[in-house]
Amino acid sequence: MSDQVYNVLFLCTGNSARSILAEAILNRVGAGKFKAYSAGSHPKGEVHPYTLQLLQTLNYDISFARSKDWEEFAVPGAPEMDFVFTVCDNAANESCPVWPGQPMTAHWGIPDPAAVEGTDAEKHLAFAEAYRMLNNRISIFVSLPMNMVDKLALQKRLDEIGRNLPKAG
C-alpha cells in the first residue's frame, strides 16, 4: 500500500489562482505519492496572470495550468479522487463546491488573491501569501502517514490542517 499514488482534487470557485497554486505545489512536494488536479465550480476560463507569473518565478512548469470545470472530474473515465479539498474562503462569502462520492474531504479556506484591489505590489503580495499558506498546509498533508492512520483520525487531521495552521514568521 505504500506504493499507492493518491489522487487529490483542489476545488475553488474560479480555478484561476488558489486551486491552481495548490495543484502545482502538491505535484512538486508530493511527487510519487500524490497526483494533484484542480477545478472550479464556476471556472474563469483562464488562469490569472499573477498565478502564472508567481509559479514561473518559483521555477514551476506551468504547462499544466488551465482553468477547468469540476464536472470534468465527475465523468466516466476521470481519475478517481482519494481526497478533495476546497480552498475557497468562506469569510469572503464565496459558495464553495461540494464534491459527491467517497473521497476524504476538507475545507482549507484561503483568501482569494485575485479579489485583492490595490497596487500591483499589493496584488503580488496577496498571491505570494496565498502560495505560502497553501504550501504550509500541503507540506503538513504530505507528511501524514496515510497508510498508518485510520480514516477517522485522518479526517480529523485534514480538518485541523485547514483550521489551525500556525502563522509563519
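The values are calculated or read from the model by the stated rules, or taken from the named source; none is laboratory data. Keep in mind the model is a prediction, meaning the values are calculated, not measured. Neighbour counts run over all protein chains shown; Cβ positions are idealised from the backbone, glycine included. Calculation scope for accessible area: heavy atoms of the full protein, side chains included, ligands and nucleic acids excluded. Shrake-Rupley method; radii C 1.70, N 1.55, O 1.52, S 1.80 Å.
Observations
- Flag if residue 15 is touching a residue at least 40 places away in the same chain (Cβ under 8 Å), on the phi > 0 side of the Ramachandran plot and not small (Gly, Ala, Ser): yes
- Among residues of region 117-141 that are farther than 17 Å from residue 28 by Cα, those with a beta-carbon under 9 Å from a residue that is open to solvent by 60 Å² or more (accessible area, probe 1.4 Å) and part of a loop (DSSP other than H, G, I, E, B) at least six positions away or on a different chain give the pairs 123/117; 126/111; 129/111.
- Check on residue 147, closer than 28 Å to residue 79 by Cα, of a type in the set (S, T, N, Q) and at pLDDT below 95: yes
- Checked against the criterion of being of a type in the set (A, V, I, L, M) and surrounded by fewer than 23 Cβ atoms within 10 Å (Cβ to Cβ), region 32-41 contains not a single residue that satisfies it.
- Residue in region 37-88 that is nearest to residue 115 (Cα to Cα), counting only those that are in a loop (DSSP other than H, G, I, E, B) and of a type in the set (Asp, Glu): 46
- Filter result (part of a helix (DSSP H, G or I) and in contact with a strand residue (DSSP E or B) (Cβ under 6 Å, 6 or more places away or on another chain)) within region 19-36: 19, 20, 22, 23, 26, 27
- Filter result for residue 105 (surrounded by 11 or more Cβ atoms within 10 Å (Cβ to Cβ), of a type in the set (Ser, Thr, Tyr) and modelled with pLDDT under 90): yes
- Selection status of residue 7, in a helix (DSSP H, G or I), open to solvent by 10 Å² or more (accessible area, probe 1.4 Å), closer than 14 Å to residue 142 by Cα and not aromatic (Phe, Trp, Tyr): no
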